[in-house]
Amino acid sequence: MAEAKAAGELMHAKNKEAAAAIVKNRNEGKGDAYLDLHGLRTEEALEATNARFDQLETKPEGNSTDLELIPGAGHHSAPGKIALKPACEKLLIERRYKYSDASAGSWVVVVPGKGNKSAAPAHAPAP
């Protein structure tokens, strides 16, 4: 029994590593305003999306980011089994983010900054 539990834990850890590698490969060099979720399972994609939203929300209040979020259109899903795009849209609605279609498989999401304005780096006064 302990052996099966250990194998299950190892499997979950390896899945998490694989998801992180997929996110890095698909998004590296494209900046924080871009998130391609292709290749991820729904749970992994929602975790990556929430992490990006939380990161972008640290910007000072009043500063928003137009994030290109790409869950895909579901062309690689089994007929009637599209899960990722509806799950992502549910998350957008729950967070009350404004979004618009960029294509059949992507949106532009307005992620509001919620950080403290006083936490923004101060600019040196002009001489």
### Message
For segment 1-31, which positions are open to solvent by less than 80 Å² (accessible area, probe 1.4 Å) and not in a helix (DSSP H, G or I)?
### Response
GLY31
#### Entry: Residues located in segment 36-56, provided they are in contact (Cβ under 8 Å) with a residue 12 or more places away in the chain and surrounded by fewer than 18 Cβ atoms within 10 Å (Cβ to Cβ)
HIS38, GLY39, ARG41, THR42, GLU47, ASN50, GLN55
### Summary
Flagged in segment 65-83 as modelled with pLDDT under 95 and either open to solvent by less than 80 Å² (accessible area, probe 1.4 Å) or in contact with a strand residue (DSSP E or B) (Cβ under 8 Å, 6 or more places away or on another chain) (or both), in numbering order, are GLY72, ALA73, GLY74, SER77, ALA78, ALA83
### Message
Restricting to segment 75-86, name every residue that is assigned to a loop (DSSP other than H, G, I, E, B) and under 17 Å from the mean Cα position of the chain (by Cα).
### Response
ALA83
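Looking at this structure, is GLY72 in contact (Cβ under 8 Å) with a residue 12 or more places away in the chain, touching a His at 6+ places or on another chain (Cβ under 9 Å) and outside any helix (DSSP H, G or I)?
Values: in contact (Cβ under 8 Å) with a residue 12 or more places away in the chain: yes; touching a His at 6+ places or on another chain (Cβ under 9 Å): yes; outside any helix (DSSP H, G or I): yes.
Yes: the conditions hold for GLY72.
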### Query
Looking at (1) touching a residue at least 24 places away in the same chain (Cβ under 8 Å); (2) surrounded by 12 or more Cβ atoms within 10 Å (Cβ to Cβ), which is the only condition GLY62 fails?
(2)
### Task
Could you please give the count of residues in segment 104-127 that are outside any helix (DSSP H, G or I), open to solvent by 60 Å² or more (accessible area, probe 1.4 Å) and either aliphatic (A, V, I, L, M) or modelled with pLDDT of 60 or more (or both)?
6
### Message
Need pairs with beta-carbon distance below 6 Å; first residue under 17 Å from LEU37 (Cα atoms) and in contact (Cβ under 8 Å) with a residue 12 or more places away in the chain and within segment 86-112, second open to solvent by 60 Å² or more (accessible area, probe 1.4 Å) and of a type in the set (Ser, Thr, Tyr); sequence gap 6+ or separate chains.
### Response
LEU92/TYR99; TRP107/TYR99; VAL108/SER100; VAL109/TYR99
### Query
Hey, among the residues in segment 84-100 that are more than 21 Å from ARG41 (Cβ to Cβ) and touching a helix residue (DSSP H, G or I) at 6+ places or on another chain (Cβ under 9 Å), which one's surrounded by the most Cβ atoms within 10 Å (Cβ to Cβ)?
TYR99
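The values are calculated or read from the model by the stated rules, or taken from the named source; none is laboratory data. Since the structure is predicted, the reported quantities are computational estimates derived from the model, not experimental observations. Because the Cβ atoms are built from the backbone with ideal geometry, glycine has one as well, and the counts that use them run over all protein chains shown. Accessible surface areas use protein heavy atoms only, side chains included; no ligands, DNA or RNA. Shrake-Rupley method; radii C 1.70, N 1.55, O 1.52, S 1.80 Å.
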